[in-house]
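The values are calculated or read from the model by the stated rules, or taken from the named source; none is laboratory data. Note that the coordinates shown come from a computational prediction; the quantities given were computed from them, not determined experimentally. Ideal geometry is used to build each Cβ from the backbone, glycine not excepted, and the neighbour counts take in all protein chains shown.
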């Protein structure tokens, strides 16, 4: 009897229509969420593209170092220096690899690494790696920068 009444009043058809409408609404909501997520990802990529290489590496918590400039003494071409920049994750990586300990100044840690790189280059070229490498003069410019000559 119930089935007949449901059919007569169209209740079965209405329930099917409601279920179909709910399924369509759910699919639309899922699509809206996907589109919102894609828009957020696109905005994040756009913001990341505006970052400098150092900022991008730091954002991703990756070690980063770069040679900003090289300086050669005009009066004595054997003298000069490299201007380096790095992020905190590079220092952590150097410490992990034995170039420094907590409390060591960052400039000294980077200098140890850089001298090792230079010695390796000299050795590969068959040059004398025991020769003097000059001296390092560190001048603190502010809390985050030092000049190393």
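Here are the numbers for this structure:
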{"item": "Test result for residue 114, surrounded by 10 or more Cβ atoms within 10 Å (Cβ to Cβ) and not in a helix (DSSP H, G or I)", "result": "no"}
{"item": "Residues that are assigned to a loop (DSSP other than H, G, I, E, B) and farther than 14 Å from residue 61 by Cβ, drawn from the range 80-106", "result": "97, 98, 99, 100, 101, 102, 103, 104, 105"}
{"item": "Residue 87 being exposed (fewer than 12 other Cβ atoms within 10 Å of the Cβ) and either free of Cβ contacts under 8 Å to residues at least 40 places away in the same chain or in contact with a helix residue (DSSP H, G or I) (Cβ under 8 Å, 6 or more places away or on another chain) (or both)", "result": "no"}
{"item": "Odd one out for residue 48 among (1) in a helix (DSSP H, G or I); (2) modelled with pLDDT of 95 or more", "result": "(2)"}
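Residues checked against (1) over 30 Å from residue 130 (Cα atoms); (2) surrounded by 10 or more Cβ atoms within 10 Å (Cβ to Cβ); (3) modelled with pLDDT of 85 or more; (4) assigned by TED's automatic domain parsing to the domain that holds residue 130:
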{"site": "8", "(1), (2), (3), (4)": "yes, no, no, no"}
{"site": "37", "(1), (2), (3), (4)": "yes, yes, yes, no"}
{"site": "59", "(1), (2), (3), (4)": "yes, yes, yes, yes"}
{"site": "66", "(1), (2), (3), (4)": "no, yes, yes, yes"}
{"site": "73", "(1), (2), (3), (4)": "no, yes, yes, yes"}
{"site": "78", "(1), (2), (3), (4)": "no, no, no, yes"}
{"site": "82", "(1), (2), (3), (4)": "no, yes, yes, yes"}
{"site": "94", "(1), (2), (3), (4)": "no, yes, yes, yes"}
{"site": "105", "(1), (2), (3), (4)": "no, yes, yes, yes"}
